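The values are calculated or read from the model by the stated rules, or taken from the named source; none is laboratory data. The structure presented is a predicted model; accordingly, all values stated were derived computationally and were not measured. Note: ideal-geometry Cβ built from the backbone for every residue, glycine included; neighbour counts use all protein chains shown. Just so you know, the surface numbers come from the protein's heavy atoms only, side chains and all, with ligands and any DNA or RNA stripped out. Shrake-Rupley method; radii C 1.70, N 1.55, O 1.52, S 1.80 Å.
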Amino acid sequence: QRSISFRSDSRPDLFSPRPWARNVPPANTKRRDSKLWSETFDVCVNHMLTSKEIKRQEAYHDPMLKLSIMTEQELNQIFGTLDSLIPLHEDLLRRLQEVRKPDGSTEHVGHILVGWLPCLNSYDSYCSNQVAAKALLDHKKQDHRVQDFLQRCLESPFSRKLDLWNFLDIPRSRLVKYPLLLREILRHTPNDHPDQQHLEEAINIIQGIVAEINIKTGESECQYYKERLIYLEEGQRDSLIDNSRALCCHGELKNNRGVKLHVFLFEEVLVITRAVTHNDQLCYQLYRQPIPVRELVLEDLQDGEVRLGGSIRGAFSNNERIKNFFRVSFKNGSQSQTHSLQANDSFNKQQWLNCIRQAKEKATCAGKAGGLNSETHFLLPPNGRRVPQGETPLEQMEQSDCESDCSMDTSEISGDWERMEQTNSGEHEKQIETNV
């Protein structure tokens with residue numbers, strides 16, 4: 001009855017051996033198989049966790065604490081309120097078991113979902129903590145003891161080739177799938193079925209919960225990065241940064257000299273920074289002045305149009321180095337600056353172009369209306385990749401269950417600043433070099 005699955009025969013096996021994987025002897029450990037509803041038909045579902053399963057759940061947290069690999073405070077920051085989410089789903093399981101018939105089928109679920117879904121508001125604090133949790137986990141991985149422990153876990157059968165962050169990110173990725181799941185159940189429900197009205201109500205409830213968590217998660221992410229901005233001079237401080245409640249996007253880009261920059265697009269201002277370590281913490285030091293989005297000029301550059309380094313060196317560069325550039329510029333009286341920025345690939349470049357255009361359009365409309373409406377937020381993995389709240393294909397995030405692309409690049413962190421060159425597209429390509 002109304003059984004659905006997110007599996008696809010055409011989907012590659014996520015657990016098949018990879019060519020770069022280390023050769024690990026086959027283990028005798030049994031792995032719990034994932035089954036569809038049809039496969040559990042007429043099978044007793046009353047199942048309690050065995051001591052072996054419980055030990056698997058404790059494979060990361062408790063050993064790291066007992067071995068003094070991390071402090072209890074650090075582990076609480078990384079794991080957040082994860083333990084508090086388990087009883088919520090045990091409660092749903094109990095409710096579903098109570099209405100399940102002896103043959104394994106279930107007649108009505110809508111009323112159960114309507115009564116249970118409001119408890120998912122508890123995901124608020126867990127999702128809001130993820131940016132800080134991921135940053136701390138990445139930082140701790142620089143400790144060889146932490147890295148060695150996590151690598152051993154990764155090579156153990158219980159991990160299923162997934163690292164710790166894959167597991168910590170699953171609650172968020174599952175949460176955003178609830179609307180999709182309920183719409184699928186509704187699609188297979190006859191119009192005259194008693195569940196019809198309840199399922200529609202349940203969809204409205206979960207959409208409201210996800211929207212609210214989106215907003216709070218976006219605000220938490222924005223505040224996290226604002227607190228880690230380092231200003232070289234007081235004149236770089238801008239009220240547009242202070243008043244921002246959400247990040248449109250952020251990530252690593254390169255300038256035409258190949259210097260890595262971390263760029264933040266807040267609601268009304270673009271901030272270009274360099275990643276640095278400060279007090280043993282990853283921070284972002286501003287490079288030049290923040291650029292108001294409303295006055296920003298955006299240019300989509302064709303491949304090969306940018307001269308690398310503004311010198312003869314660019315003439316002998318390979319084609320890959322001159323692809324996926326775009327230019328942002330700003331001029332206000334005597335102040336002007338131009339930045340040619342390179343994305344990782346064409347898809348990433350298009351994401352940046354779309355985000356900047358949307359931010360400009362929103363800022364322009366807000367200026368005409370006399371205020372900024374900041375209600376568009378996203379429920380994200382903390383890596384700047386986002387799926388807009390209004391879009392329906394939430395299945396795009398399904399891969400988060402088994403494969404996380406969340407990453408924070410700390411490999412190129414340096415406190416030493418290079419001489420950066422920005423090319424002004426005005427008078428005869430005048431070059432402005434600033435030694436920060």
Reported set for the stretch 83-94 where residues are open to solvent by 70 Å² or more (accessible area, probe 1.4 Å) and over 15 Å from TYR126 (Cα atoms) is GLU90, LEU93, ARG94
Inside the stretch 57-81, the number of residues satisfying the requirement of being closer than 21 Å to SER128 by Cα and modelled with pLDDT of 90 or more is 10
Within the stretch 268-285, is there a residue that is buried (at least 22 other Cβ atoms within 10 Å of the Cβ), outside any strand (DSSP E or B) and modelled with pLDDT of 90 or more? yes
State the number of residues belonging to the stretch 59-82 that are in contact (Cβ under 8 Å) with a residue 60 or more places away in the chain, of a type in the set (Val, Ile, Thr) and either loosely packed, with under 15 Cβ neighbours inside 10 Å or not in a loop (DSSP other than H, G, I, E, B) (or both). 1
Considering only residues that are part of a helix (DSSP H, G or I) and within 23 Å of the chain's Cα centre (by Cα), which ones fall in the stretch 236-248? ILE241, ASP242
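Counting residues that are modelled with pLDDT of 90 or more, over 24 Å from the mean Cα position of the chain (by Cα) and in the same structural domain as SER125 (by the TED database), which helices (runs of 4 or more DSSP H) fully inside the stretch 155-235 reach at least 3? Full working, then the answer.
Working: elements: 164-175, 178-187, 195-226.
The helices (runs of 4 or more DSSP H) meeting that bar are 178-187, 195-226.
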Give the residues of the stretch 95-114 that are free of Cβ contacts under 8 Å to residues at least 60 places away in the same chain, in a helix (DSSP H, G or I) and open to solvent by 50 Å² or more (accessible area, probe 1.4 Å), sorted by residue number. ARG95, LEU96, GLN97, GLU98
Which of the residues belonging to the stretch 130-149 are over 21 Å from the mean Cα position of the chain (by Cα) and closer than 17 Å to ALA59 by Cβ? ARG145, VAL146, GLN147, ASP148, PHE149
Looking at the stretch 1-23, can you tell me whether even one residue there is part of a loop (DSSP other than H, G, I, E, B), modelled with pLDDT under 50, among the aliphatic types (A, V, I, L, M) and surrounded by 12 or more Cβ atoms within 10 Å (Cβ to Cβ)? yes
